[in-house]
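Structure record follows, encoded as structure tokens.
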Amino acid sequence: MATALHNLSSYDFSKVPDASNMCFGIVVSEWNSEITNNLLTGAVGTLEKHGALPENIHVKTVPGSFELIYGAHQMTLNGGYDAIIILGSVIRGETPHFDYICQGVTYGIACLNAKSEIPVIYGLLTTDTIEQARARSGGEYGNKGEECAIDAIKMAKF
């Protein structure tokens, strides 16, 4: 569904399981930190709003979006997590680098989900402009980090 038709932060609170006994790993990219910090704030706040204890939310940073795959994989190996969230932002530039990064991260996270016992939630913003990224990281279209937190809770309960 297009984000213009659905606010990323809109959901029915009553349909989200209690997260008080859950542990979450979050891997966040340092690249485009203005955006990824907003995504992280949204994700952590939403997990806590649904009962996750701060000490059960473990955040690790990686330099860029492509490294999100490695970070998430390491978290799946180290265990103890009910779900892992990756958060990143790739903004289209003048070269095909955007396409390679977006495809690579998408494929890598899909492979982790197919092979791992732990759900890995895809929180990579892929936008054409910084304005679009801002709109989806706490702006007019909500916060993708919040949406990912809800997905993580629901998939952990799955």
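Any read-out appearing in this document is the output of simple, stated calculations on the displayed coordinates, not a laboratory observation. In this text the structure is predicted, and so the values were computed from the model without any measurement. Note that we place each Cβ from the backbone using ideal geometry, even for glycine, and neighbour counts take in every protein chain shown.
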If the chain between T41 and D99 were fully extended at 0.36 nm per residue, the gain over the current Cα-Cα distance would be 18.2 nm
Using a Förster distance of 22 Å, how high is the FRET efficiency between I130 and V59, based on the Cβ-Cβ distance and rounded to 0.05? 0.40
Summing Lys, Arg as +1 and Asp, Glu as -1, what charge do residues with Cβ under 12 Å from the Cβ of G108 carry, G108 excluded? 0
Put +1 on the Cβ of every Lys and Arg and -1 on every Asp and Glu Cβ in the chain; which of N7, V44, A110 then has its Cα farthest towards the positive end of the dipole? A110
Per residue of segment 123-130, in order, report the coupling 6.51 cos²θ - 1.76 cosθ + 1.60 (Karplus, θ = phi - 60°) as ³J(HN,Hα) in whole Hz, putting x for Gly and Pro. x, 9, 6, 10, 10, 7, 9, 5
Quick one: what are the phi-derived ³J(HN,Hα) couplings along segment 76-82, Karplus 6.51/-1.76/1.60 with θ = phi - 60°, whole Hz, x for glycine and proline? 5, 6, 7, x, x, 9, 8
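Please give the charge dipole size of the chain, origin at the Cα centre, charges +1 on K and R Cβ atoms and -1 on D and E Cβ atoms. Round to the nearest 20 debye.
The calculated dipole for the chain is roughly 240 debye.
Just need the Rg to Rh number for the chain, please, alpha carbons only, Kirkwood Rh.
Computed over Cα atoms, the ratio is 0.95.
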Work out the length of the dipole vector of segment 1-83 about its Cα centre, built from +1 on the beta-carbon of each Lys and Arg and -1 on the beta-carbon of each Asp and Glu, and round it to the nearest 20 debye. 100
With the cut-off at 16 Å, report for segment 21-62 the share of all Cα pairs above it, as a whole percent. 33
In order over segment 85-92: 3J(HN,Hα) from phi, Karplus 6.51/-1.76/1.60, θ = phi - 60°, whole Hz, x for each Gly or Pro, gives 10, 9, 10, x, 8, 10, 10, 4
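Of the peptides 77-89, 95-107, 113-125, how do they stack up when ordered by the mean number of other Cβ atoms within 10 Å, highest first?
Highest to lowest by the protection proxy: 77-89, 113-125, 95-107.
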